[in-house]
Amino acid sequence: MSTTASGREPTYQIVLNHVEKQLMSGDLRPGDRLPPERELAARLGASRQAVREAMRVLQAQGVIRSQVGTGDGSGTIVVPAPARALGRVLALHLAVDSFPVDDVTEARVMLERFSAGLAARRRKAADLLRMEAELDTMDADLGPEQFSDADVAFHVAIAGAAGNRLVNELTVAIRESVRRLLPGAVSDQGGWESLRDQLRAEHRQIHAALAASDDAAAADLMEAHVRRFHSHF
């Protein structure tokens, strides 16, 4: 990886900072084409290798894509980053940063309480059916890993029913980051059947509040559910 003469900052970071600044200011928008590699390198006093490294980072983040073609059909294009790209990046940071459990709990309470209340007002019949399908899955004699998959899907369905894309992606990222906690807690503490029954009952109560469009009850039940879940860790 190339660096500046001082060795303090990778050269590709100069290119990355330049592109990020243009994106933040609105000078670059979805559909715009970045300058050719040679031109960008000359403009910033960077090597073409540094430009390529910066482009790889942006492509991995889902912000740009390389388009092969002739004439105006080729080049590097700014694309609307899919929401899942944000979720993936956040989930990875949560996985490697080892945030205190209390911090994660409070973040989940804030997001999922909001989502549950909003979902109670906005949910459609199809949303309730999607949630109920996951509840039915959890009623089977599942082990911790399989139950956790359906549990995540249930919470994700609630966040989706709320209809706020940003809150949805933040909720999904945090929920995915704690997916591994349930099997670990069961392994350490035992008593899987009783914990599973408790989670099933709480999920059904939340679903009933959503079906009744009772936003206050849905929010309160969700907060209590999240706090009880995290009390096991």
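Read-outs throughout are calculated quantities, based only on the coordinates presented, and are distinct from any laboratory measurement. Keep in mind that what you see is a predicted model, and the values were worked out from it rather than measured. Cβ: placed from backbone, ideal geometry, glycine included. Neighbour counts: every protein chain shown.
Subtracting the Cα-Cα distance from 0.36 nm times the residue separation, let me have the gained length for Lys21 to Ser231 in nm, one decimal.
Working: separation 210, 0.36 × 210 = 75.60 nm, distance 4.23 nm.
Full extension of this stretch gives 71.4 nm more.
What is the spin-label model distance, in nm, from Ala153 to Ala208 if the labels are put 7 Å beyond Cα along the C-beta direction?
My value for the distance between the label points is 2.4 nm.
Figure the gain on full extension for Thr137 and Val57 (residue separation times 0.36 nm, minus the Cα-Cα span) and round it to one decimal in nm.
Result: 24.9 nm gained on full extension.
Order of 111-124, 145-158 by packing, highest average Cβ count within 10 Å first? Can you show the working numbers first?
On the way: 111-124: 21.3, 145-158: 19.6.
Result, highest mean first: 111-124, 145-158.
Can you compute the charge dipole magnitude of the range 83-230 about its Cα centre, using +1 on each Lys and Arg Cβ and -1 on each Asp and Glu Cβ, nothing else charged? Give it in debye, rounded to the nearest 20. Mind showing how you got there, number by number?
Numbers: 18 positive and 24 negative charges, 116 e Å.
Result for the range 83-230 is approximately 560 debye, rounded to the nearest 20.
Gain in length, Glu39 to Val79, computed as 0.36 nm per residue apart minus the alpha-carbon separation, to one decimal in nm?
12.3 nm
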